[in-house]
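Report on the structure given below.
The values are calculated or read from the model by the stated rules, or taken from the named source; none is laboratory data. Remember, it's a predicted structure, so these values are computed and weren't measured experimentally. All Cβ positions, glycine included, derive from the backbone under ideal geometry; neighbour counts span all protein chains shown.
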């Protein structure tokens, strides 16, 4: 994203596709986040909990969407609000694609305030795993 770029209602955000989620990534995220719930790292525990196996942290998936947003505006903007609703579980080997579309644009001094719908899907089949909204300011 270059400084001064402008958005319009209906513009699609540049998608972000992450490599397949790995078990190592889940262990690393557990350490970074402090969320050591064994449903994210211990297969037998997750199966006994009725989950059918290890699941990724929901906040990891939300972080992927956050990365898409910050990749978009970088140092030329700032995130104001960001909310997600979790829809489906993400598991090791899932490939997550984050996307969004602009729903509202307000002209502001030195830039724009942009509101968008955001979501993430997993392949195959583009199953939606999260959806939400974000609002950010782009500096002119």
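Points worth noting:
- Residue list for segment 30-74, filter: within 20 Å of the chain's Cα centre (by Cα), part of a loop (DSSP other than H, G, I, E, B) and surrounded by fewer than 19 Cβ atoms within 10 Å (Cβ to Cβ): 34, 35
- Residue match in segment 81-91 (condition: in a strand (DSSP E or B) and closer than 22 Å to residue 5 by Cα): yes
- Residue list for segment 101-131, restricted to those being in a strand (DSSP E or B) and at positive phi: 111
- Residue match in segment 73-96 (condition: at positive phi and at pLDDT 95 or above): yes
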